[in-house]
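Step one of this worksheet: look at the structure below.
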Amino acid sequence: MDERARRLLFLFLFAVAFFQTGAHASQAFVNYPAWQYIGIDSFPAYHHVMAPRAGLWILFPRLLELILAAAVLRYRPTPLKRGALVLAMALALVAVVSTIVIQRPIHGQLESLGNTPELLARLQATNWLRLLPEWIRAGLYLWMASLLVSVTPQSANERGL
């Protein structure tokens, strides 16, 4: 794979990772805070319909991100360091483990018991275990992208820029 194709592969990974970050931010700062305004009796039905859609827009991009990250790790663009990619992947996996072990069981309780203040508070408090790795990972990807687009004065002169 030539360098141009490697950079395009990273660009696709970058786009998916930032889509994923935005989806999580929307869930955390738009959806979760609004759940308190849905009636406790109607919330389980709402959650039952919402959960599969959230999975489609949050889980699928995460899986795609991890697959793309593995491909970029194998076919790294020249300026990128292996350690940064491995760390970004590890941070994505931390968010996945947190979802499976902590947040998903809370979602199960919300679907069966309704949106009690205690469950909503626990979901929002533990969500930081996903958000912090998300944002650090996004920062790493942004830094890696900056390495790919940075132009040194010497290389700019060589290209006539």
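No value in this document is a laboratory result; all are computed from the given coordinates. Just so we're clear, the structure is a prediction, and the values are computed from it rather than from any experiment. When we count neighbours, we look across all protein chains shown, and the Cβ atoms used for this are built from the backbone with ideal geometry, even at glycine.
Miscellaneous remarks
- Using C-alpha pairs below 8 Å separated by at least 6 residues, the relative contact order for the chain is 37 percent.
- Per residue Cα convex hull volume in Å³ - calculated over the chain: 114
- Positive-end residue, the chain charge dipole about Cα centroid, Cβ charges, pick of Pro105, Asn115, Leu66: Leu66
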